[in-house]
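Below: one structure, written as structure tokens.
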Amino acid sequence: MTKTVDNEPVVRVRNISKRFGGNQAVDDVSFDVTKGEILGVIGPNGCGKSTLFNCLLGQYRPDNGSIELDGIDVSDWSPPRRAKHGLARTFQLLQIFETMSVRDNLKTAAQEHIGSAARRLFMRPDMGLDGEVDDLIERFRMAHLADELAGNLSYGQQKLLDTAMALVSKPAVAFLDEPAGGVNLTMLADVEQQIRDLNVHDGATMVIVEHNMEFIFALAHRIVVMAEGRVLMEGTPDEVRNDPRVVEVYLGGH
Amino acid sequence: MEQFLQVTISGLATGAIFAISAVGFALLWQTAGAVNFAHGEFIMVPAVLILALGTQEPTVGIPDFIPLIGGANIGVALPSAGLPWGLLIGFALTIPIAIFLLGYLFKVSLVDRLLQPGGDDIPLVIATIGLGLFLREYVHEAWFATPQPFPSVFGNGFWRPGGVAISADDIGIIVACTIVIGALQFFIKRTYLGRQMEAAAQNAETARVLGIPVNRMVLLTFAINAVLVTIAGLLVSPAINARWDAGINLGLLAFTAAIIGGFNQVRGALYGGFLVGVIQNWSGAYLSTLYRDAGPLLLLILVILVRPQGLFGRAEERRI
Amino acid sequence: MAESVNVPQSKAADGSDALDQPDFENRRDKIAIVDRGRLSPSLIALVSMLGAAVAVMPVGRAGFDGVIGLWFLSVLLLVGVNVAVPLDTRNGQMVRWISTATFVAFMMLFPIGKSGATMTDFGLFAIFGAVVVGMNLTQGFAGQVSLAPAAFLGIGSYTSVLLDMGEEVTVAGVTVDLPDLPFLATIPIAIVVCMLLSVLIGFPALRVRGPWLAFVTLAFSLLVFLVLNNEDGLTRGSRGIRVLRNDFEIFGIDMLPTHNFYYAGLFYLFFSLTVVWWIVRSPWGRALKAIRDNSGRASSLGVDVRNYTLLGFAVGSGLAGGAGALYARQVEYIEPRSYFVNQTIDFFLATVAGGLGTLAGPLIGGSLITLVADYLRFTGDWYRVWFGLFVMVMMVVAPEGLAGSFNRFRAWVQKRVDS
Ligand SMILES: Nc1ncnc2c1ncn2[C@@H]1O[C@H](COP(=O)(O)OP(=O)(O)O)[C@@H](O)[C@H]1O
Ligand SMILES: [Mg+2]
């Protein structure tokens with residue numbers, strides 16, 4: 001696979017800081033996300049990766065800093081508004097609609113991007129999404145599960161569904177928080193394959209937090225390393241792998 | 001000017017009562033996350049019990065349908081010696097009953113069952129609305145349907161210093177509530193038990209790790225709430241009589257006070273209580289007596305609109 | 001107490017909700033998951049049965065009626081068939097349509113041979129049923145407690161009656177000459193007025209999660225009562241207004257006979273059910289369901305939790321407003337006391353008892369507070385004591401309500417039959 005990326009930034013993150021009481025969880029983090037790339041975010045546990053995501057996607061209000069999407073400052077937008085304008089995400093902890101079918105989970109994830117609220121009231125429940133959704137279900141090899149309640153799926157399948165929900169609306173950037181976390185080895189290859197596939201064939205842009213180094217080094221074009229809320233370094237997987245600071249952060253912490 | 005002072009003082013007196021009832025409401029919210037929509041009935045029921053158990057001429061007996069003792073008058077009648085002994089005895093007898101019924105039983109039968117950590121609060125809201133209905137209608141059917149006069153512990157005296165009419169009841173209420181609030185603050189800040197309780201309210205997880213019996217501390221706040229509502233019932237009833245339907249307004253004004261002041265701080269609930277009392281009396285005096293309650297309610301809507309954490313509350317990130 | 005106590009659970013003031021921590025599951029309690037999203041026939045049958053049972057109950061009413069008895073038996077049969085036939089087969093579909101049709105037909109034919117008093121009860125059942133249908137949209141589907149349905153009923157009643165009288169009113173010293181609109185035209189006006197007001201009060205209350213809407217609507221109810229009671233120039237205060245039914249017709253049908261007016265209520269009930277059914281089956285329904293299941297996730301996927309919830313509340317309130325217009329004519333006399341919090345509590349009971357988040361629940365609940373309550377009058381108000389107890393017990397043992405329990409029962413039977 002060739003990793004080719006053009007240089008136009010879709011998302012510009014500037015000086016994000018977030019403090020919880022005496023704990024500076026995120027400290028002045030800035031980076032760009034370029035169209036079509038997979039950007040890895042790594043760092044030891046508790047270094048603020050999830051908090052950073054929460055600040056970028058609007059779940060938390062950062063103390064400082066801004067996020068721009070296509071040159072528009074979206075820092076004051078609500079989470080749904082950001083989502084509708086193309087910032088999708090998953091959470092570190094599995095978040096799916098357990099009492100709804102797999103297909104309905106995906107339709108929910110896609111429907112707000114179609115038509116106005118008023119039009120949605122008068123659309124058929126499938127909203128013409130069936131083809132698209134089934135396509136994705138097919139690609140994620142879950143066709144036999146399409147009508148199953150999401151709560152009844154295995155953990156790995158739920159994790160995959162969660163990721164699929166972030167991607168079904170073809171977002172400008174999808175922020176995935178540990179998409180492979182807790183997924184068993186056989187599923188892992190599957191997850192990696194799907195993500196690469198979406199990136200290569202559909203040009204999906206993604207920011208991925210991941211603990212599994214092999215996984216993220218294989219996928220990412222570029223990696224941001226965080227430590228204690230700050231950006232320690234940024235570079236290609238090879239640069240990161242060979243940087244002594246990174247080794248120290250990971251080994252020193254243990 | 002005289003009228004203004006007069007209105008403000010009686011506003012402070014009503015406010016003091018709202019303050020202690022709002023504090024009880026806020027305590028349950030903080031420690032247990034429980035929203036009690038029967039809070040007003042929790043004030044009304046002890047008032048009725050006090051009347052039943054202890055006035056000199058009991059007007060309320062045991063309901064007829066209770067076997068054997070039904071229809072009997074149970075009030076403790078003592079010769080009046082300047083002090084309303086019957087009332088005070090009734091109060092003393094009501095406190096343990098309230099702690100059991102409105103504290104313990106309420107906690108174990110409803111709150112513990114309906115409130116899962118991190119869960120939704122709507123089931124408890126629904127159940128407490130049912131509880132309020134139950135208590136209200138029970139008192140209406142089993143005890144009395146018409147408002148019963150309720151004597152004041154502080155008598156009916158009046159003073160007129162400089163033309164400002166001040167009733168003994170108002171002053172008594174303000175003094176009594178100040179003492180109650182002071183005692184509560186002392187308990188929380190200065191005693192070991194109180195500090196444990198505060199720790200449990202602030203962060204149950206950490207408190208548990210530190211070996212604080214969190215559940216027992218939560219139960220303690222329920223008991224404190226029961227005592228506070230009983231006091232509130234004793235103090236508020238002379239002005240409004242003991243009545244089965246008093247709870248709707250009392251409850252609403254108590255949460256109004258708690259929300260206006262700020263739920264997440266006892267201090268907020270206190271200030272909110274006084275503010276509600278004063279505004280209520282001002283709007284009664286200067287707007288129209290018919291719209292006495294409108295002032296606080298409008299303020300409530302305004303506060304939720306512009307400052308949902310309350311005037312004295314702090315905006316906080318969700319602790320997750 | 002503590003000066004730095006953290007807001008427990010879902011009370012963050014800036015509405016933030018992150019879902020990363022294991023101790024914060026953000027799952028709404030599954031009180032409203034029994035979401036059939038459709039008119040479940042067996043439930044309708046059950047309701048009709050309840051209605052029929054009530055209709056034939058000899059207590060204080062003209063006695064047994066042969067037609068009702070037959071109908072009662074056929075409904076029993078239908079319920080039996082329903083329990084036995086799985087719903088998602090072709091036969092199940094047919095059973096559904098047949099029993100729905102039976103229900104509609106029954107309600108339509110019901111007035112035959114009934115006394116005026118019975119029809120007054122059933123007219124009230126239809127109107128209050130519509131309020132409960134709306135309240136169920138707010139509470140069962142949008143997951144928020146509104147304590148203002150009686151206030152909206154009142155606003156609807158007064159709006160409609162005042163606009164239909166063509167008299168002068170004075171508010172705050174300003175005298176306005178109100179038009180004399182036809183009754184039918186006042187219904188949509190009542191609905192729209194209530195929807196606008198509910199958006200006005202719901203918007204701030206739904207800014208943060210938590211039971212704020214319950215508080216605000218309770219405050220609103222009291223304010224409405226104060227205004228209705230005290231604005232003499234507008235509402236004639238506690239004296240109330242006599243509403244005459246003998247001077248109006250709908251589509252040429254004289255509405256004076258109670259039997260005829262019953263149909264007006266019945267159509268409104270069907271209208272409300274259709275509105276809610278439509279919303280629930282549209283993509284909005286899916287969004288509402290997603291919000292109940294996991295609102296944080298829904299919001300991160302673009303579902304605007306606040307707007308959807310607000311709309312659910314507004315539509316629910318609007319339905320109560322329209323019902324108010326009919327209610328005024330049904331009782332022929334309106335006064336502020338009829339719209340006080342007590343009445344809301346009745347609607348609330350009906351909603352909870354019938355079953356949140358089901359379409360048939362409100363019908364069961366509605367019959368509980370009108371028909372059943374009327375037959376229980378002989379207990380004084382004791383039945384209200386039991387209702388209160390019932391709500392508490394139900395939240396503890398069967399939070400999904402009667403309809404939900406019935407669905408659960410059917411699922412249980414189906415499982416038995418399958419295996
Ligand atoms: N809501 C919160 N309140 C207080 N502290 C928090 C909150 N969320 C995260 N933290 C703290 O912020 C730090 C960073 O956490 P997190 O972003 O989850 O790390 P990561 O995802 O990199 O493992 C941790 O010390 C964590 O305890
Ligand atoms: Mg994390």
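The values are calculated or read from the model by the stated rules, or taken from the named source; none is laboratory data. None of these values were measured; they are calculated from a predicted model. Cβ atoms come from the backbone with ideal geometry, glycine included; neighbour counts cover every protein chain shown.
Take the residues of region C:161-185 that are among the aliphatic types (A, V, I, L, M) and not in a helix (DSSP H, G or I): which is nearest to C:Tyr268 (Cα to Cα)? Can you show your working first?
So in region C:161-185, the residues among the aliphatic types (A, V, I, L, M) come out as C:161-163, C:165, C:169, C:171-172, C:174, C:176, C:178, C:181, C:184-185.
Applying the additional criterion that residues be not in a helix (DSSP H, G or I) yields C:169, C:171-172, C:174, C:176, C:178, C:181.
Numbers: C:Val169: 29, C:Val171: 31, C:Ala172: 34, C:Val174: 35, C:Val176: 30, C:Leu178: 26, C:Leu181: 19 Å.
Only one residue fits best here, namely C:Leu181.
Of B:Leu220, B:Leu184, B:Leu228, which residue is surrounded by 13 or more Cβ atoms within 10 Å (Cβ to Cβ) and either touching a strand residue (DSSP E or B) at 6+ places or on another chain (Cβ under 6 Å) or within 13 Å of B:Gln30 (Cα to Cα) (or both)?
Working: B:Leu184 fails: either touching a strand residue (DSSP E or B) at 6+ places or on another chain (Cβ under 6 Å) or within 13 Å of B:Gln30 (Cα to Cα) (or both); B:Leu228 fails: either touching a strand residue (DSSP E or B) at 6+ places or on another chain (Cβ under 6 Å) or within 13 Å of B:Gln30 (Cα to Cα) (or both).
Result of the check over B:Leu220, B:Leu184, B:Leu228: B:Leu220.
Cβ-Cβ below 7 Å, separation at least six or inter-chain, first residue in region A:202-231 and away from chain C (no Cβ under 14 Å) and more than 15 Å from ligand 1 (Cβ to nearest atom), second aromatic (Phe, Trp, Tyr) and assigned to a strand (DSSP E or B): which pairs?
Final answer for the pair search is none.
Looking only at region A:169-185, filter to residues that are assigned to a strand (DSSP E or B) and among the hydrophobic types (A, V, I, L, M, F, W, C); which one of those is farthest from ligand 2 (Cβ to nearest atom)?
Initial filter on region A:169-185 (assigned to a strand (DSSP E or B)): A:173-177.
Remaining after also requiring among the hydrophobic types (A, V, I, L, M, F, W, C): A:173-176.
Working: A:Val173: 18, A:Ala174: 16, A:Phe175: 12, A:Leu176: 12 Å.
Within region A:169-185, the match that is farthest from ligand 2 (Cβ to nearest atom) is A:Val173.
Answer yes if at least one residue in region B:1-18 is at pLDDT 90 or above, out of contact with any Lys or Arg (no Cβ under 7 Å at 6 or more places or on another chain) and within 14 Å of chain C (Cβ to nearest Cβ), and no otherwise.
Scanning region B:1-18 turns up no residue that is at pLDDT 90 or above, out of contact with any Lys or Arg (no Cβ under 7 Å at 6 or more places or on another chain) and within 14 Å of chain C (Cβ to nearest Cβ).
A:Glu210 - would you say it is surrounded by 14 or more Cβ atoms within 10 Å (Cβ to Cβ), among the charged types (D, E, K, R) and under 30 Å from A:Gln24 (Cβ atoms)?
yes
Quick one: how many residues across region A:46-91 are within 12 Å of ligand 2 (Cβ to nearest atom) and away from chain C (no Cβ under 12 Å)? Don't jump to the end; show me each part of the working.
Step one: of region A:46-91, the residues within 12 Å of ligand 2 (Cβ to nearest atom) are A:46-54, A:90-91.
Next, from what is left, pick out any that are away from chain C (no Cβ under 12 Å): A:47.
Count: 1.
Can you tell me which condition C:Tyr268 does not meet? The list is (1) among the hydroxyl-bearing types (Ser, Thr, Tyr); (2) under 18 Å from C:Phe183 (Cβ atoms); (3) surrounded by fewer than 21 Cβ atoms within 10 Å (Cβ to Cβ), and all the others hold.
With (1) among the hydroxyl-bearing types (Ser, Thr, Tyr); (2) under 18 Å from C:Phe183 (Cβ atoms); (3) surrounded by fewer than 21 Cβ atoms within 10 Å (Cβ to Cβ) applied to C:Tyr268, the lone miss is (3).
Would you check if C:Arg242 is closer than 24 Å to C:Phe152 by Cα and of a type in the set (D, E, K, R)? Give the steps one after another, and end with the answer.
Numbers: closer than 24 Å to C:Phe152 by Cα: yes; of a type in the set (D, E, K, R): yes.
So C:Arg242 passes the test.
Listed here are the residues, each with its yes/no results for (1) away from ligand 1 (no atom under 16 Å from the Cβ); (2) under 17 Å from C:Asn294 (Cα atoms); (3) hydroxyl-bearing (Ser, Thr, Tyr).
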{"site": "A:Ser66", "(1), (2), (3)": "yes, no, yes"}
{"site": "A:Pro79", "(1), (2), (3)": "no, yes, no"}
{"site": "A:His85", "(1), (2), (3)": "yes, no, no"}
{"site": "A:Arg89", "(1), (2), (3)": "no, yes, no"}
{"site": "A:Leu94", "(1), (2), (3)": "no, yes, no"}
{"site": "A:Val102", "(1), (2), (3)": "yes, yes, no"}
{"site": "A:Asn105", "(1), (2), (3)": "yes, yes, no"}
{"site": "A:Met165", "(1), (2), (3)": "yes, yes, no"}
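Of the residues that sit in region C:177-220 and are at pLDDT 80 or above, β-branched (Val, Ile, Thr) and farther than 27 Å from B:Arg292 by Cβ, which one is surrounded by the most Cβ atoms within 10 Å (Cβ to Cβ)?
Only one residue fits best here, namely C:Ile191.
Regarding B:Leu88, is this residue out of contact with any Phe, Trp or Tyr (no Cβ under 6 Å at 6 or more places or on another chain), within 18 Å of B:Met44 (Cα to Cα), facing another protein chain (nearest Cβ under 8 Å) and of a type outside the set (Ser, Thr, Tyr)?
Working: out of contact with any Phe, Trp or Tyr (no Cβ under 6 Å at 6 or more places or on another chain): yes; within 18 Å of B:Met44 (Cα to Cα): yes; facing another protein chain (nearest Cβ under 8 Å): no; of a type outside the set (Ser, Thr, Tyr): yes.
No.
Quick check on region C:273-286. Is at least one of its residues under 27 Å from A:Arg119 (Cα atoms), free of Cβ contacts under 8 Å to residues at least 24 places away in the same chain, within 14 Å of chain A (Cβ to nearest Cβ) and among the hydrophobic types (A, V, I, L, M, F, W, C)? If you could, list the steps in order and put the result at the bottom.
We begin by selecting, within region C:273-286, every residue under 27 Å from A:Arg119 (Cα atoms); these are C:273-286.
Keeping just the survivors that are free of Cβ contacts under 8 Å to residues at least 24 places away in the same chain gives C:274, C:278, C:282-283, C:286.
If we keep only those that are within 14 Å of chain A (Cβ to nearest Cβ) as well, we get C:274, C:278, C:282-283, C:286.
In the following step, the residues that additionally are among the hydrophobic types (A, V, I, L, M, F, W, C) were identified as C:278.
Yes, the conditions are met somewhere in region C:273-286.
Residue by residue through region B:179-209, note down the ones that are over 24 Å from the mean Cα position of the chain (by Cα) and not in a helix (DSSP H, G or I).
Just the residues of region B:179-209 that are over 24 Å from the mean Cα position of the chain (by Cα), to begin with: B:192, B:203-209.
Answer for region B:179-209, where residues must be over 24 Å from the mean Cα position of the chain (by Cα) and not in a helix (DSSP H, G or I): just B:Asn203.
Would it be correct to say that B:Leu311 is away from chain C (no Cβ under 11 Å), part of a loop (DSSP other than H, G, I, E, B) and of a type in the set (A, V, I, L, M)? Outline the logic, then answer.
Values: away from chain C (no Cβ under 11 Å): yes; part of a loop (DSSP other than H, G, I, E, B): yes; of a type in the set (A, V, I, L, M): yes.
Taking the combined requirement at face value, the residue satisfies it.
Would you check if there is a residue in region A:180-189 being buried (at least 21 other Cβ atoms within 10 Å of the Cβ), modelled with pLDDT under 90 and either within 16 Å of ligand 1 (Cβ to nearest atom) or farther than 28 Å from A:Met100 by Cα (or both)?
We begin by selecting, within region A:180-189, every residue buried (at least 21 other Cβ atoms within 10 Å of the Cβ); these are A:180, A:183.
Applying the additional criterion that residues be modelled with pLDDT under 90 yields A:180, A:183.
The next check asks that each one be either within 16 Å of ligand 1 (Cβ to nearest atom) or farther than 28 Å from A:Met100 by Cα (or both); those that pass are A:180.
Yes, there is a match, as at least one residue in region A:180-189 is buried (at least 21 other Cβ atoms within 10 Å of the Cβ), modelled with pLDDT under 90 and either within 16 Å of ligand 1 (Cβ to nearest atom) or farther than 28 Å from A:Met100 by Cα (or both).
On the given criteria, is A:Arg119 at pLDDT below 90, part of a helix (DSSP H, G or I) and among the charged types (D, E, K, R)? Write out each step before concluding.
On the way: at pLDDT below 90: yes; part of a helix (DSSP H, G or I): yes; among the charged types (D, E, K, R): yes.
Yes, satisfied.
When region B:250-273 is examined, which residues are found to be on the phi < 0 side of the Ramachandran plot and among the small types (Gly, Ala, Ser)? Spell out the reasoning first.
Kept after step one, since they are on the phi < 0 side of the Ramachandran plot, are these residues of region B:250-273: B:250-261, B:263-273.
Residues satisfying the conditions are B:Gly251, B:Ala254, B:Ala257, B:Ala258, B:Gly261, B:Gly268, B:Ala269, B:Gly272, B:Gly273.
Return the only residue of C:Gly233, C:Gly210, C:Gly302, C:Gly265 being more than 13 Å from chain A (Cβ to nearest Cβ) and in a loop (DSSP other than H, G, I, E, B).
Numbers: C:Gly233 fails: in a loop (DSSP other than H, G, I, E, B); C:Gly302 fails: more than 13 Å from chain A (Cβ to nearest Cβ); C:Gly265 fails: in a loop (DSSP other than H, G, I, E, B).
Answer to the selection: C:Gly210.
Please verify whether A:Ser50 is under 17 Å from A:Met206 (Cβ atoms) and within 15 Å of ligand 1 (Cβ to nearest atom), treating the condition exactly as stated. Break it down stepwise before answering.
Numbers: under 17 Å from A:Met206 (Cβ atoms): yes; within 15 Å of ligand 1 (Cβ to nearest atom): yes.
Yes.
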